[in-house]
Amino acid sequence: MRHEKVNLRSLEPEDLELLYEWENNEAYWIISNTTVPFSKYTLKRYLENSHKNIYEAGQLRLMIELADEKKAIGTIDLFDFDPFHKRAGLGILIADEKERRKGYASMALRALTSYCFSTLQLHQLYCNILSNNCESIELFRKLGFVEVGIKKDWIRTSQGWLDEHMFQLISTEKD
């Protein structure tokens, strides 16, 4: 999948070191509900099973890569895939901080939402964003996601509680 300057590609064994670094970065744990580090062994097994399609695995992780440089800068995920109700959760991480605020997340989201609605024929996508992540809230709103609720005091941090905003994007296609 490609959109403008980014490619979305399947995971490769060579991604192990990057995934290990990103998954074990404690700054990202709050958005992924992680509280313990991942071992390389666990991530290697995950990579070995990443060939399974979304119908088998119930999820899909793709690397976000700069098209011209073939440089991985983050990941984009579909999770809680529900083929009966035709919906999935969506998450994105631009891990390379030097590549943030350049439009790459928007390009990756456009590519994946197009794939979800045209190829997977999903009816809707949803995401949950913490209240202190203003850039993500703005990004998803810009792409047409609609805020449908707020889970109050949903995530506990060392500084206190954060609300979590729920967004949906419903396909305009008739099912």
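Read the figures in this text as sums done on the coordinates, not as results from a lab. Keep in mind that this is a model prediction, so the values were computed, not measured. Note: ideal-geometry Cβ built from the backbone for every residue, glycine included; neighbour counts use all protein chains shown.
What order do you get for M166, M63 when you list them from fewest to most C-beta neighbours inside 10 Å?
On the way: M166 16, M63 20.
By the 10 Å Cβ count, ascending: M166, M63.
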Once phi is turned into ³J(HN,Hα) by the Karplus curve 6.51 cos²θ - 1.76 cosθ + 1.60 with θ = phi - 60°, what whole-Hz value does each residue of segment 60-70 show in order, with x for glycine and proline? 8, 10, 10, 7, 9, 10, 5, 4, 6, 9, 6
Once R0 is set to 22 Å, what does the formula 1/(1 + (r/R0)^6) return for the Cβ-Cβ distance between W29 and E135, expressed as a FRET efficiency to the nearest 0.05? 0.75
Please list, in order along segment 42-47, the HN-Hα scalar couplings obtained from phi with the Karplus expression 6.51 cos²θ - 1.76 cosθ + 1.60 (θ = phi - 60°), rounded to whole Hz, x for Gly and Pro. 4, 5, 5, 5, 4, 4
Cross-chain or 8 or more residues apart, Cα under 20 Å: how many lysine pairs in segment 2-126 fit that? Count them up, please. 11
Note down the nm distance, to one decimal, between modelled labels 7 Å out along Cα→Cβ at D163 and at Q121. 3.9
Could you sort the peptides 26-37, 102-113 by per-residue average Cβ neighbour count (10 Å cutoff), highest mean leading? 102-113, 26-37
Rounded if a/c is under 1.5, else prolate if a/b is larger than b/c, else oblate: which is segment 1-102, with a ≥ b ≥ c the root eigenvalues of its Cα gyration tensor? rounded
Quick check on the chain: helices-only [θ] at 222 nm, where DSSP H runs of length 4 and up contribute -39,500 (n - 2.57) each and the sum goes over total residues. Nearest 500, please. -8500 deg cm²/dmol
Cα pair distances in segment 25-175, grouped into 5 Å bins until the bin that holds the longest one, percent each: 2, 8, 16, 21, 21, 18, 11, 3, 1, 0
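Which FRET efficiency value, to the nearest 0.05, is calculated for E48 and K5 with the Förster distance at 30 angstrom and r the Cβ-Cβ distance? Walk me through the numbers on the way to the answer.
Working: r = 30 Å, r/R0 = 1.01.
Efficiency at R0 = 30 Å is approximately 0.50.
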Listed with the fewest Cβ neighbours within 10 Å leading, S131, S118 appear as S118, S131
